[in-house]
Amino acid sequence: MTSAIDDGITERQRLLSIAAVCSTSFGTGISFGIGFPLTSLTFEVWNQPSWMIGLAGAAPPFAILLALPIAPRLIAKFGPVGSIVGGCLIGAIGFLALALFQSPWAWIAIRILMSAGFAMPWLVGETWINAVTREETRGRVIAIYAMVFFTGYAIGPVLLQAMGLDGPLPFLAAAVVTGLSGFPVMIGRQLAPMVEHDTSRNVASAFRWAPVAMVAAFVGGFSEITVLSLIPNVALAAGWSQYPALALLTVTTVGGIVLQYPVGWLSDRFSRYAMMVVSVVLFIALALALPLALTNPVAAYTTAFLMGGVILGFYALGLAIIGERVSASGLAAVNAAFIIMYQLGALVGPICAGMAMMDDAVHGFVTIVIVTMVITGVALVVFKRMERRWAAEGLHHG
C-alpha cells in the first residue's frame, strides 16, 4: 500500500501531516515518562509494600489491554483527531485527579482510567503514521516517529527530577503537557487520514493478517521492558556501583533512539522480515557478549548502546510490516492487536527475567533473553510459512 490519504495531496501536506502526529507522539511520550516514575516514587514515599508498587506499575498496561479491543470502533466513530484529543484530555484530567486524591488505591483506579484514555492516541498515532506514509519511505518515517516518542519518554523522568515530588507542580506540568499533546493534530486535522473500521476484522482476527508483525510486537515489548527495567540490576550484580549502572541504562536508551533511523533506512532497502531475523541473531550475540563486556566499561557501554538499538528496532520493524501488508480499513484493528502483543510481552518479560535472575543475576538475565530470542526466531519462521500458506489459499487479503 502507498497511502490511505488522498494521493492528490502535496508532499508538503504529507510532511505536515506526519509532523503533526509526531508532535503529539512526543507529548504523550513525555506523559508516559512522567507518569510511571511519579507513581512508583510516590508509593515509595508513602511506604507502600513492593506488591502495591508492582500493582500500580501493572495498572496502565492492564487498562490499555482492556481498552484496545473496542478502540478501533471508537476511533471510527469519533475520528482520529477527536480520539487523540479525547484521550489526551482524559490523561490530563487524570494527572490533576492524582494531585487531589492522595491515596494508593485511588491512584491505581485513576491510573487505570487515564491509561485507557492514553490507549487512543497511541493506537491512532500508529495508524495515522502508517496511513500517510509512502511505502518507499515507510521504515524511515516510522523510525522518526519511534525516535520522537522515546525521546519524549526519556525526557519525562528528567523533568520530574527537576520538579521534584513535593507540591502540585509535577501534576500541573504533566496535565498541561498531556492536554497540549492533542493540539498539533487539531491544527493539522484537515490532513488527518480517514480511519476506517472493517467490522469483519476485529482485534482477535487481526492476528492472522500480519502474524510476523505480532511476533515483532511481543518480542519488542518483552525485550524492551526487560532490558530497560533490569539492565542496572545486572550491572550491580556484576560489581558495578549505582551511578555507572544507571548510566548503562541511559546509554541503552540513547542507543535505542539514535539507531532507529539507520534501522529504518535499512528496512526501506531490504526485507523487513529478514531484518527481524538478523535482529534476533544480533541480540543473541550481544547477550552472549554481555557478561564479558561488563568487565570493561567501554565494552559494556558499547554493548548496551547496540542492544538498545535492537530492542527498539523490533517495534519499528513490526509497525512497518503492518503498513506494507494491511489496507486502510484494517489498520486500526491490526495496530490494536500489535499493541496488545507488545503489552503482553511487556508484562511477561520482567516477571520471567526476575525469576531467572534469582540465583545468578547476570547469567540468569542472559539465559532468559537468549531463550526468548531462540523462540522468537522459530516463531518467525513458522508464522512466515503460515502467512505464505494463507496467501496461497486466498485467506489473506491485506
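The values are calculated or read from the model by the stated rules, or taken from the named source; none is laboratory data. All values derive from a computational prediction rather than experimental measurement. Here the Cβ positions follow ideal geometry from the backbone for every residue, glycine too, while neighbour counts run over all protein chains shown. Note: areas computed on protein heavy atoms with side chains; ligands, DNA, RNA excluded. Shrake-Rupley method; radii C 1.70, N 1.55, O 1.52, S 1.80 Å.
Only one of the listed residues (SER223, SER229) is part of a helix (DSSP H, G or I) and open to solvent by less than 20 Å² (accessible area, probe 1.4 Å). That residue is SER223.
Among the residues making up the stretch 18-53, those that are farther than 22 Å from THR127 by Cβ and open to solvent by 40 Å² or more (accessible area, probe 1.4 Å) are PHE36, SER40, LEU41, GLU44, VAL45, TRP46, ASN47, GLN48, PRO49, SER50, TRP51.
Yes/no matrix, rows are residues, columns are (1) at pLDDT 85 or above; (2) out of contact with any helix residue (DSSP H, G or I) (no Cβ under 6 Å at 6 or more places or on another chain); (3) farther than 25 Å from PHE270 by Cα; (4) open to solvent by less than 10 Å² (accessible area, probe 1.4 Å):
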position: VAL326; (1), (2), (3), (4): no, no, no, yes
position: GLY330; (1), (2), (3), (4): no, yes, no, yes
position: ALA333; (1), (2), (3), (4): no, no, yes, yes
position: CYS352; (1), (2), (3), (4): no, no, yes, no
position: ALA356; (1), (2), (3), (4): no, no, yes, no
position: VAL362; (1), (2), (3), (4): yes, no, yes, no
position: ILE368; (1), (2), (3), (4): yes, no, yes, no
position: VAL371; (1), (2), (3), (4): yes, yes, yes, no
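MET147 passes every criterion in (1) surrounded by fewer than 24 Cβ atoms within 10 Å (Cβ to Cβ); (2) more than 17 Å from the chain's Cα centre (by Cα); (3) farther than 30 Å from PRO49 by Cα apart from (2).
Here is a yes/no grid of residues against (1) in contact (Cβ under 8 Å) with a residue 24 or more places away in the chain; (2) more than 22 Å from GLY82 (Cβ to Cβ):
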| site | (1), (2) |
| --- | --- |
| ILE142 | yes, yes |
| TYR145 | yes, no |
| ILE155 | yes, yes |
| ALA162 | no, yes |
| ILE231 | yes, yes |
| TRP240 | yes, yes |
| PRO244 | yes, yes |
| THR252 | yes, yes |
| GLY255 | yes, yes |
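A Cβ distance below 7 Å, combined with a sequence gap of six or more or placement on separate chains, defines the contacts here; from the stretch 70-89, residues that are aromatic (Phe, Trp, Tyr) reach residues that are open to solvent by 20 Å² or more (accessible area, probe 1.4 Å) in the pairs PHE78/GLY86. Apart from one condition, GLY125 fits all of (1) open to solvent by less than 10 Å² (accessible area, probe 1.4 Å); (2) part of a loop (DSSP other than H, G, I, E, B); the exception is (2).
The numbered conditions (1) outside any loop (DSSP other than H, G, I, E, B); (2) under 20 Å from ALA217 (Cα atoms) are all true for PHE270 except (1).
Highlighted here are the helices (runs of 4 or more DSSP H) found entirely within the stretch 290-397 that include at least 3 residues which are within 18 Å of the chain's Cα centre (by Cα) and of a type in the set (A, V, I, L, M, F, W, C): 297-325, 328-356.
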